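> Take this structure first; my questions come after.
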Amino acid sequence: MEGEKIITSLLSEKRIFEPPKSVSERAWIKSMDQYKEMWEESIRNPEKFWSRFLDILEWFKKPTKIWDDSKFPPTAQWFVDGKLNASYNALDKHINSGKGDKVAIYWEGDNPTESRAITYTQLLEEVCKFGNVLLKYGLKRGDRVAIWLPMIPELVIAMLACARFGIVHSVVFAGFSAEAVKDRILDSSARMLITSDGTFRAGKKIPLKVKVHDLLEETPTIEHVIVVKRTGIDTPMKVGRDTWWYDELKDQPTECSYEEMNAEDPLFILYTSGTTGKPKGIVHTTAGYLMYAALTHKFVFDIHDDTVFFCSADIGWITGHSYIVYGPLVNGATEVMFEGVPSYPSFERYWEIIEKYKVNVFYTAPTAIRLLMKEGDALPKKHDLSSLRILGSVGEPINPEAWIWYHKVIGNERCPIVDTWWQTETGGILLTPLPGATSLKPGSVTFPFFGVKPEVLRDDGTLAAPNEGGHLVITSAWPGMLRGVWQNPQRFQKTYWAKFPGKYYSGDGAKIDEDGYIWILGRLDDVIKVSGHRIGTMEVESALVSHPAVAEAAVVPMAHKIKGQAIYAYVILNKNFSPSQELINELKQHVRKEIGPIATPEAIEFAPDLPKTRSGKIMRRILKAIVNEVDVGNITTLANPKVVKALWNAHKTAKSSSSH
Ligand code: WTA
């Protein structure tokens, strides 16, 4: 499998790590037998299984119909006749049960001297104030609001205020460009944008609002823009359209109503990259998503009333939606929300945070682990990390070296690692160990969560043999699954349900070993995971060809020690343009502006020609092999086989000259 070649490992770790007794004893799921029994029931009798967990949510009307699979595949409906509210479940529910003074969020600023502890009562008050602002502007159930904010409490407040009235939020990662914000506003026809003057990142002020200001002239559906003052950066405000968050909130009452939502009403849209076209708006609904986010959070991270949970993801991605906003808050947990980066002011930042808040469960990405591993063991060893009980990983395959370091140096060989596989589309974790039950193999995501039935298929749709790589599909329906692509049912059908009819197609490669352990081999489609961030090659190629110098572009993933994958771009120039370092820099800047800094190509190579089939299709498989220096395989079907040799030689020369 191609993915397997990309993530090469120096270490072949064969040890099995048993769940520690200290974790099993207290865990919700204590043994493999208990897991197996529950999993089998969840597949055999979903009604019975899920009805046992209804009380993880508070309902205005408890559902009597647990699921309706008459239209599955592709869409099952969950908790069909139930009525509830996501914001009520994240806030009011806890206050009504006497937990109002419990800290919901320890917010830790980019600058370590800045922090806040926010209780459930305080969070509800802020949510109500902002909710009243939404009502003042006439926003109502079913409307869309775009949110482009950094990791500040106002982001959570804005999301939960929307959810209170059934207003569908569409959060855009603050690291995306203003162009990306514009595209998402247009696609979802959002009526309001909530943003900030800027953001702090590693001590630097980075502007936000000013970058999108002019573009908002091209988004006719936007009626109001509310701006949080975070940095004091000079910010243009259009009279009659733009107002400051603080001014809006200061006289608002701290109480507000909420809507009784239907189970299948949409809760949010989150855009994500795929193989073709522009990012697609993944739609998640209220009850199924909420149930799945809360239950996976509780069981995978073994959350109890006194647990302090720290997920280092950004809320602009699905991991932050499910495991910073909805999962932890619905479970009434205490969590850490961090504005900054792991390297500022020093590479000790995560360890300082864990020590400061006595974090019990830490959930991060392999790229961060590799980055911090490179800085050596002395830094984490300076800190008291003894509060940790469970460690988590997400976003890309974790290589055994990083796994072992995480286990040994951060977890002191005491903490199970839950390597969790899932996607924006799945709403919550699908494949994962359970910390008190599962024996771990480093690098394997082990087994499915409840309700999830995975298969690994060959191209022809037959089941792969043990240890044979193939396509990862899911054959069951689970409550957190996407309900569609925003206003694009054809794309939903084509992307997820057409390749293997009736089975959810993940786009990932996987294999299942002789003991039934699942190993993820990486994406098989044209999606690149740069530091765990999901980027479509097609988007980067479109950005490149929108520059006047570029005639054609092909983008492939390149193995990268820290980032896992990086972006390697081949570019054919238009006549009248010639290769230069300046042009490389200019093209990189251009991609940053069009998509965002995370999509910046690591390397750009000017090519005279690209390998193509006789029908003119660029063979990215061959480019990927050249860039990663593996066998290019069969090239006899190419229209221009000679180009392969030329590109090999060019790659070798470029590499040897850059290493001097
Ligand atoms: C990859 C992130 C290996 C995978 C939650 C998937 C992983 C894509 C893992 C979804 C893991 C996520 N091991 N690969 N534990 N977790 N992935 O939508 O390729 O940003 O398809 O959701 O991340 O990325 P997304």
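> Which residues among segment 399-422 fall inside the zone where the amide N is under 19 Å from a point 7 Å beyond the Cα of Glu375, along Cα→Cβ?
Answer for segment 399-422: 402-412.
> Now for a separate question. Find how much the distance from Ser346 to Ala639 grows on full extension, using 0.36 nm per residue of separation minus their present alpha carbon separation; answer in nm with one decimal.
Contour length minus Cα-Cα distance gives 100.3 nm.
> How far apart, in nanometres, would the label points at Gln490 and Ala551 be if each is projected 7 angstrom from Cα along the Cα-to-Cβ direction?
With each label point 7 Å from Cα toward Cβ, the separation is 3.2 nm.
> Using a 1.4 angstrom probe and counting only protein chains, how large is the accessible area of Asp187 in Å², to 10?
70 Å²
> May I pose another question? Going Cα to Cα from Lys645, which aspartates and glutamates come in below 14 Å? Please leave out same-chain ones fewer than 8 positions away.
By straight Cα distance, Lys645 reaches Asp609, Glu629, Asp631.
> Okay, next question. Sum -39500 (n - 2.57) across every DSSP H segment of at least 4 residues in the chain, then divide by the residue count to get the 222 nm mean residue ellipticity, nearest 500.
-8000 deg cm²/dmol
> Here is a further query. For Lys358, project a label point 7 Å along Cα to C-beta. Then give me every residue of segment 291-313 with its amide nitrogen under 13 Å of that point.
306-309
> Between Lys65 and Asp305, what length comes free when the chain is fully extended (0.36 nm per residue of separation minus the Cα-Cα distance, one decimal in nm)?
The Lys65-Asp305 span can extend by a further 83.4 nm.
> Here's another thing I want to ask about it. How big is the C-alpha Rg of the chain next to the rule-of-thumb value 2.2 N^0.38 Å, as a ratio?
The value comes to 0.94.
> When you count, for each residue, the other Cβ atoms within 10 Å and take the mean per peptide, how do 194-205, 308-319, 68-79 rank with the highest first?
Descending packing order for the listed peptides: 308-319, 194-205, 68-79.
> Excluding the sites themselves, what is the longest stretch of the chain that contains no GluC sites (Glu not before Pro) in a DSSP loop with at most 16 other C-beta atoms within 10 Å?
Here the longest segment lacking exposed loop sites spans 261-374.
> Would you mind pulling out the separation of the Cα centroids of segment 24-81 and segment 471-501, in Å?
Rounded to whole Å, the Cα centres lie 20 Å apart.
> What's the tally of Lys pairs in segment 358-490 whose alpha-carbon atoms lie under 27 angstrom apart, where the two lysines are 8 or more places apart or on different chains?
Going through segment 358-490 pair by pair, I get 12.
> Put a dot 7 Å past each Cα toward the Cβ at Ser439 and Gln581; how far apart are the dots in nm?
The two pseudo-label positions are separated by 5.6 nm.
> How do 427-433, 571-577, 529-535 rank on mean C-beta neighbours within 10 Å, highest first?
427-433, 529-535, 571-577
> I've got another one for you. May I ask you to compute the full-extension gain from Ser22 to Lys408, defined as 0.36 nm times their residue separation minus their alpha-carbon distance, rounded to one decimal in nm?
Gain on stretching Ser22 to Lys408: 137.3 nm.
The values are calculated or read from the model by the stated rules, or taken from the named source; none is laboratory data. Just so it is clear, the model here is predicted, and its values are computed rather than measured. Every residue, glycine among them, receives a Cβ derived from its backbone with ideal geometry; neighbour counts consider all protein chains shown. Heavy atoms of the whole protein, side chains included, go into the accessibility calculation; ligands, DNA and RNA do not. Shrake-Rupley method; radii C 1.70, N 1.55, O 1.52, S 1.80 Å.
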